[in-house]
Amino acid sequence: MVPIFLAAIAVTTFFEGGSLGRMEQVAPAHVQCAVEGQSDQDGRNRQANWYYFRLDGLPRTEIRIDLTDLEGEYNYRPDSYSVTPRTRPVYSYDNRSWRHFDNTQVTWDDARKHLILRLTPQRGRIWIAHAVPYTTAHLFRLRREIERSPFAGWTSAGPTSQGRDLPLVTVAEGAPPRAVWLMARQHAWETGTSWVIEGALRFLVSADPGAAVLRRRFIWKIFPMADPDGVANGKVRFNAQGYDVNRNWDRPGSASTPEIWAMKRAMLAWLDSGQPVDLFLAMHNQESGDYLDGPEGPLATRLTAALARTASFQAETSPRKTADPKAVAAGRMMVHQSLQHERSVPAFLMEMAVEENRKLNRLRSVEDNLQFGRELVLAIGEALGEGK
Ligand SMILES: [Zn+2]
């Protein structure tokens, strides 16, 4: 008797940022992968758009991977999907260089709300993720690079829920009279914004004459990863206690939201010591479309105009005027609303799409995001009347 085995495809998420729900092999070359998703502290607002997993034992024939269990809720609105028919996940054979699944490889089962991926693997092992991963290990490598600069300092604003450092990076040359604060990764799944921050930081410490102008005119205070626990644990948009790091700015708690507590304390201490914040910007990713949201006025107009000249920012619907913070329900205030409302800071929020970019006519690559980081700090300098 010769035993017959179903060639088994194995799944693992046992690495930083890894996440997947249940995987079921339904045929030799067909697996169903439930996306784990994450709900908030009340079990509401489930969002299911972070998955990052490795498959081993793949056949060299076409395989089919169904992403399932995608239904979510957004701002208490049910029937919300953050994986959509236009989602194009990424894959890698070495967990370092990534490419998007192309349009011929992705279909959407609208009846079951499944995203179906098809691929003929070149190797027996593949990594798949919603967007190109950017973990605390990536940030640590960036730190070693940035700390070699005489213009950069890297500190912790405080411990996170799970005791990780909450990084705060400062770039300046001499004693600049003005200050810009930036923030990324309030939501762990939004890896694109980390690539943007990496591009911004590398440019700011560079020998480029434009970078020298920016760091002589502005102190750059940057929170590159506002929820390192969520990033490390492969979560979606809530901290280790389930709190949304871009809500709750009206009532941060040292136990429930230590990340907000630490960042808000750092910014208020800065303002209370009489130092300026000429511009604050929190960066986010969403499914489709880009926009800038902030206080009405010439700064918003100038920043939008400068962003419109970048290679990838889709500026048609910008600027948007921030909703009146007084109308925000308790516990739902975002960082830029809080800074506008409590301290009259010119505070903005930026959304950048992960789906196809209409300016580039393709999906944003890592290189596009790195380049946008450079363009972004130049655009900010220009909007504030410095630089070019
Ligand atoms: Zn976000």
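The values are calculated or read from the model by the stated rules, or taken from the named source; none is laboratory data. Please read these numbers as outputs of a predicted model, since none were measured by experiment. Every residue, glycine among them, receives a Cβ derived from its backbone with ideal geometry; neighbour counts consider all protein chains shown. Accessible surface areas use protein heavy atoms only, side chains included; no ligands, DNA or RNA. Shrake-Rupley method; radii C 1.70, N 1.55, O 1.52, S 1.80 Å.
Observations on the structure shown:
- When we screen Arg77, Arg125, Arg86 for residues that are free of Cβ contacts under 8 Å to residues at least 40 places away in the same chain, open to solvent by 70 Å² or more (accessible area, probe 1.4 Å) and of a type in the set (D, E, K, R), the only hit is Arg77.
- Residue count for the stretch 342-369, restricted to those that are more than 29 Å from Asn95 (Cβ to Cβ), within 16 Å of the ligand (Cβ to nearest atom) and not aliphatic (A, V, I, L, M): 1
- Test: residue in the stretch 89-112 that is farther than 25 Å from Ser288 by Cβ and surrounded by 18 or more Cβ atoms within 10 Å (Cβ to Cβ): no
- Test: residue in the stretch 239-249 that is at negative phi and over 18 Å from the mean Cα position of the chain (by Cα): yes
- Listing of helices (runs of 4 or more DSSP H) fully contained in the stretch 175-265 that carry 1 or more residues being of a type in the set (A, V, I, L, M, F, W, C) and more than 30 Å from Asp42 (Cα to Cα): 191-204, 209-217
- Residue in the stretch 46-61 that is open to solvent by less than 70 Å² (accessible area, probe 1.4 Å), outside the structural domain of Asp368 (by TED's automatic domain parsing), on the phi > 0 side of the Ramachandran plot and not in a strand (DSSP E or B) present: yes
Residues checked against (1) acidic (Asp, Glu); (2) assigned to a loop (DSSP other than H, G, I, E, B); (3) farther than 27 Å from Trp195 by Cα:
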residue	(1), (2), (3)
Leu67	no, no, no
Thr84	no, yes, no
Ser97	no, yes, no
Thr107	no, no, yes
Ala111	no, yes, yes
Ala131	no, yes, no
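- Complete set of residues in the stretch 289-299 that are among the aliphatic types (A, V, I, L, M) and open to solvent by 20 Å² or more (accessible area, probe 1.4 Å): Leu299
- When the stretch 151-174 is limited to residues that are free of Cβ contacts under 8 Å to residues at least 40 places away in the same chain and part of a strand (DSSP E or B), the one that is surrounded by the most Cβ atoms within 10 Å (Cβ to Cβ) turns out to be Trp154.
Conditions (1) over 25 Å from Leu201 (Cβ atoms); (2) within 16 Å of the ligand (Cβ to nearest atom); (3) surrounded by fewer than 24 Cβ atoms within 10 Å (Cβ to Cβ), marked per residue:
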residue: Arg247; (1), (2), (3): yes, yes, no
residue: Arg251; (1), (2), (3): yes, no, yes
residue: Met263; (1), (2), (3): no, yes, no
residue: Gly274; (1), (2), (3): yes, no, yes
residue: Leu281; (1), (2), (3): no, yes, yes
residue: Glu287; (1), (2), (3): yes, yes, yes
